[in-house]
Amino acid sequence: MVTTTLHTVRVTVNGVPREATVPVYRTLVDFLRYDLGLTGTKEACSVGVCGACTVLLNGRPVASCITLAVQADGAEITTIEGLADGERLHPLQQAFIECGGFQCGICTPGQIVAAKALLDANPHPTDDEIKEWMMGNLCRCTGYYQILDAIKRAAEVRG
Amino acid sequence: MHDFQFHTPSSLEEALTLLEEYGEDARPMAGGTALVVLMKQSLVSAGHLVSLARVPGLDAIQAEDHELHIGALVRHRDVETSPLVRGFAPFLCDVYRQVATVRIRNMATVGGGLAHADPAQDPPPAYMVLDARVRLVSRAGERVVPVRELFTDYYETVIQPGELLTEVIVPRPAPTAMFAYLKFLPRTEDDYATVAVAAKVERDGAICRNVRVALAAAGPTPIRATAVEQALEGQPATPALVRDAAEQVADQVDPLDDFRGSAAYKRDMAVVFTRRALMRVLGLSS
Amino acid sequence: MSEYGIGRPTPRVDGVEKVTGRARYAADIALPGTLWGKTLHSPYAHARIVRIDTSAARRLPGVHAVITGADTRDGGLWGRGVKDAPVLAYDRVRYAGERVAAVAAEDEDIAQRALDLIEVEYEELPAVFDPLEALRDDAPILHPDFNSYVGFRYKQERPSNIHHRTHLERGDVERGFAEADLIVANTYVTQRQSQGHLEPHSILVYIDPSDGRVHVWHCNKVPHFTRAALAHTAGIPEERIVFHPTYIGGDFGGKGNSRLTPIAYYLAKATGRPVRMISDYLEEFMAGNPRHHVIVRLKTGVKRDGTITAHQVEYIVNSGAYAAFKPYGTIGGANQAAGPYRIPNCRIDSVFVYTNNIPGGFVRAPGEPQGVFAIESHIDEIARRIGMDPAEFRMKNLIAEGEETPWGERLEHVRAREALQAALDAAGYHEPKPPYVGRGVAIGERGTGAGEGTSEIALYPDGRVVVGTPIFDQGTGQYTTIVQVAAQELGVPVERVRVEVWDTDAVPSDSGLAGSRGTYVNSTAAYEAAQEVKRALLRLAARELEWPVEALTYADGAVRRTDTGEAIAWQELVARAGEPVRGRAHVEVPRSHTTAFVAQVAEVAVDPETGEVKLQKFTTAHDAGTVVNPIGFHGQINGAIAMGIGYALMEEIKVEDGRVTTLSLGDYKMPTMRDMPPLTTVVLPSEHGDGPYHIRGIGEGPCTPVAPAIANAVADAVGVRIRDLPITAEKVYRALRQNDTTKG
């Protein structure tokens, strides 16, 4: 007899209270994408290496593919969908567009969320600091140079 | 993933009771970064996960006169950035900074990492050269185990079912102590080490005292290179002595072939990096 | 730089969608009642399937269908141009990882549990993994019925594991070797590389019960080809199938491969529900279609003065168990292994061999990094053997305009020496170097791909300009390109132009994206569509305003009378007409002989105690036509170089007895932001190229010379020559220790 233990997980996502009742083994990325319909966060490597699934959990960038939804119960989560202010893009989003910091776009939500956490913690990072922080966000399209440019541009704009 | 019961005890007593009750079928869960990956790969199928997230008192860093206490649930990132740790043993901050990526460090915990016992991890050899100890608590009582005696095999420790690692205790380093940690990453910057060496020497003039050398990714557990230590202990530090002492590490390590290098290569690199770590600690150049 | 579009750094038109997370990829599409599909894979490299028992799986609550090869074999073998792969294995499996069954269930976890309940009894057969062993007379034959397969140009005279071979000979190679002062022979071996697209293969198939139409959302950049293949296998007319546009999360050759498509179709058919299949990354490694393992044997005769007298290539491709995952069953590289050099006597032989390994697929510039690694490493060795600087040797031997390549093609607009000189200058190639630092040079060339494309431009009464395209973009920026074209040709700001992506119903066929053809084909199609719409505007003005059509022209956003000087802005004209004005074009652009050279210099520092290779600097110089969008152009170069660095130094799908052992991105490492060296890019634009804007393809060329440039730099730094990729620290270390012992 195969059982499925269910939990009701309550979170605040991008400032909005959300909840869903899900199997206990539901990962946070699946919870966001399928149970809450927020498909902006992507899943790629599934083992926490590539960074495509990066979301902010209580302000900190984490790998949502190796976090259980139940671990996030009661937490505040920021996803890519929460960065723009209505139609006004976050400086990072604007900078990624201007500098060509993406091509296929699949890693982009994770890149931008991780970069937001960086600039929140360190508003004027050096190139080395950016590279160290962003090392965990893989990109196969851009070769990273334009992502680095975008993050530096956003840091300048934010002041 | 398979189904399981997810428990969220709100006291240490409750957590220990659950762990004792479910024995081998239970796993404590801290950050989950290692556990969830293993569960996804069906390498772990515990029927009960006991989350420690709501257990109070396990996530503090306390600096006393002679000892630093780091709670088991302290995140890697919090050790890395802690002013308390930096003031007490900045070496430890530098080592935690080199673990994986910032994303992993935000979730992975000190206790979870140690209990996971992957010999390629960075913190264990650092704790070994600091002569750190861990506190293991169960319903029956508690015991303090030196980190150098904690690991028994790949992914195995002396922690018994029903026991929880609650804190790491780090004695204050001597004022003359110098530390180094060298992590050899020939492939990519985001990787486990091919081999890594932590070293500490207390300088007494030219004489080396209380030498400690420990390696990661060099065997089934982190390795204390006692032969290297003995070769240097009480001796005046010279490049030639260091070179000879480092050679001793070849017989102390027992690495595996893996994607980061063959066993033979890792053995050779253990010698190279042991020498380099000691040279750095001693401020010598070859 | 023009005022409106072409040549301006243009932010991508899909930018807002992608940076906000609103861009939808195949895995993001939701339909009510969608089931999850998953596949079961063979653990054996070569085995007979004795028995498959799916009864327990079928009984599991939540399972809606379980299918095996028995259910799919009637549709015939799968493939685009060549068809040799069963949709699901029947009778036997030919590689560890081959798909033998599939389930559709309520959720992913139930699907996985169902897979665990399927019992398969295998009887192991002798397997062969090495292509040289597979060529032996006593090797097990993987495809005894090969001659009955559809699509192969090659026919076996007697049963073997060869599915393709080529032979090319020019001049008299034996005489050439006889004339040589020195003969250099070497073997180079390259590894399997994953495309590494971060979006795993994802598909959603829904068969509408009301009309039987098959709706597909798939990360597929050649949807028309895949539609045709699916129609063939499913035994239904193509028109019944429609592929809907989604964004594609990276391609690099892997998303022309539609290996999940027929499986998802059969599951959708069996269940009557939409079926979603998303490979996890484990599956991408374990059962993917990576860059081929190739053995390249080169033998070259030279004179002391550096003249090449003869060259011989043996190019042995380890195809894996099936050829179907390469669209036409072959990859390039054999010609590239002769290089763009003046070689009067040349023989090039290639052979493609079946082995019990995961089948190779298409990966960025298929075959070319293998061939270029070999020749560019080889050229360096030869130069050093005769005491010539490797750059000087190349300068002496590179072909010039009007000369033929060793394989007999007369390339046009050859600026090989210019590109090489530009790279050398920008890299400071001749500057003094500290010990253990080396510089290596390599050069490659690639033409622009060709194909079929369609575009339509519509001008609306409310002032909207919409460019329609059947292209499913995988990241290379085609939508932005056609917007730039429309803006350029119509004289409107790029911000005014919108893109409309069509589903596959819109056109009967299209070449999709591949082979560095995207910009050329689609800019040409958009250009022609723009000319059509301008002609339509002229005709409209003639009708509406009773102007003489022969006196009309279009410039700067308006229809103008050349006789009276009167003009009317297009917006006004179209608003007046009250209905949209359209121009549509279908183009089939041929492959030209225009090529583009890429010359690169790598500067490395090698740690002599550990063999670690650190990239200090990288320089790349490009002979180009018009650069349509500098942001996109540099983006393609940067990404290609990153992929080349991974290929050179760290990427390898490892295999043991046919089983892939690198099963995650923790095992298989691709470069991170921290691994990238400072990059200097030199662009040599020109007015020569293909299509109305004189462009050259850029997507693939820059990745091929990277590995040999690095190998040559390592040789320059510490005198060791690594002839098999990737160049790991351990290999360099072993070679250094060996050099130590030989020196005694």
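Nothing in this text is a laboratory measurement; each read-out follows from the coordinates by a stated rule. Here the structure is a predicted model, which means the values were calculated and not measured. Backbone-built Cβ (ideal geometry, glycine too); neighbour counts: all protein chains shown.
Quick notes on this one:
- Across the protein assembly as shown, Cα-Cα pairs farther apart than 41 Å form 48% of the total.
- Computed magnitude of the charge dipole of the protein assembly as shown (debye, nearest 20; Cβ of K, R +1, Cβ of D, E -1): 960
- Long-range tail of P(r) for region C:305-392 (Cα pairs > 15 Å, %): 62
- Label-point gap, in nm, between C:Ser148 and C:Leu125 - each point 7 angstrom along Cα→Cβ: 1.4
- Ordering of C:100-108, C:84-92 by burial proxy (mean other Cβ atoms within 10 Å per residue, highest first): C:100-108, C:84-92
- With a 10 Å cut-off around each Cβ of C:280-291, the average count of Cβ atoms from other chains is 2.
- Radius, Kirkwood style, for region B:212-266 when every pair of distinct Cα atoms is counted (Å): 11.9
- Segment C:Asp563..C:Glu431, full-extension length gain: 41.2 nm, with 0.36 nm per residue of separation and the alpha-carbon distance subtracted.
- Estimated from the Cβ-Cβ distance and a Förster radius of 51 angstrom, the FRET efficiency linking C:Arg385 and C:Tyr90 is about 0.40.
- The order of A:Met134, B:Met1, going from fewest to most other C-beta atoms within 10 Å of their C-beta, is B:Met1, A:Met134.
- Simple rule: put +1 on each Lys or Arg Cβ and -1 on each Asp or Glu Cβ in the protein assembly as shown, find the dipole, and look at C:His46, C:Val173, C:Val66; the Cα lying farthest toward the positive end is C:Val173.
- With all pairs of separate Cα atoms included, chain C yields a Kirkwood hydrodynamic radius of 27.5 Å.
- Low-density loop positions, GluC sites (Glu not before Pro), region B:62-121 - DSSP coil, at most 16 other Cβ in 10 Å: B:Glu64
- Scanning residues 5 or more positions from A:His7 or on other chains, those with amide H under 5 Å from its amide H are A:Val22, A:Val24, with H placed 1.01 Å from N in the peptide plane.
- Summary of the geometry: region C:683-744 and region C:133-186, compared by the centres of their Cα atoms, lie 27 Å apart.
- When the alpha carbon gyration tensor of region A:6-82 is reduced to an equivalent ellipsoid, the three semi-axes, largest first, read 17, 14, 11 Å.
- In terms of packing, defined here as the mean over residues of other Cβ atoms within 10 angstrom, the peptides C:200-212, C:317-329 line up highest first as C:317-329, C:200-212.
- Computed log10 I(q)/I(0) for region A:74-159 at 0.17, 0.21, 0.26 Å⁻¹: -0.63, -0.98, -1.49, from the Debye equation with unit scatterers placed on every C-alpha and solvent omitted.
- Residues A:Cys65, A:Cys99 in ascending order of nearby Cβ atoms (within 10 Å, fewest first): A:Cys99, A:Cys65.
- Within region C:575-645, the proportion of Cα pairs with more than 16 Å between them is 71 percent.
- Working note: Debye formula, equal point scatterers on the alpha-carbon atoms of region B:177-282, no solvent; log10 I(q)/I(0) at q = 0.13 Å⁻¹ is -0.41.
- Quotient of the Cα radius of gyration of region B:5-49 and 2.2 N^0.38 Å, N being its number of residues: 1.14.
- Among C:381-393, C:514-526, the order from most to least packed when residues are scored by Cβ within 10 Å on average: C:514-526, C:381-393
- Computed label-point distance, nm, for sites B:Glu21 and B:Arg139 using a 7 Å Cα→Cβ extension: 0.9
- Shown here for region B:170-232: chymotrypsin sites (Phe, Trp or Tyr not before Pro) in loop regions (DSSP other than H, G, I, E, B) with at most 11 other Cβ atoms within 10 Å, of which there are none.
- Stokes-Einstein D in µm²/s, Kirkwood radius over Cα pairs - region C:667-733 at 20 °C with 1.002 mPa s viscosity: 141
- Taking the C-alpha atoms of chain A, convex hull volume expressed per residue in Å³: 110
- Counting only Cα atoms, the size of region C:190-326 along its three principal axes is 76, 31, 27 Å, in decreasing order.
- Highest-MSF residue in chain B out of B:Arg139, B:Arg77, B:Arg275 [GNM, Cα springs under 10 Å]: B:Arg139
- Membrane-span-like helices in chain C (whole DSSP H runs, Cα extent of at least 27 Å along the helix axis, mean Kyte-Doolittle hydropathy of at least 0.5): C:630-649.
- With the charge dipole of region C:658-744 set up from +1 on Lys and Arg Cβ and -1 on Asp and Glu Cβ about the Cα centre, the Cα lying farthest toward the positive end among the listed residues C:Val706, C:Asn739, C:Val682 is that of C:Asn739.
- Separation in nanometres of the label points that stand 7 Å from Cα toward Cβ, at C:Glu179 and C:Glu500: 6.3
- Across peptide B:31-40, the mean count of Cβ atoms from other chains lying within 10 Å of each residue's own Cβ comes to 5.
- Note on region B:61-171: the alpha carbon radius of gyration divided by the globular reference 2.2 N^0.38 Å gives 0.99.
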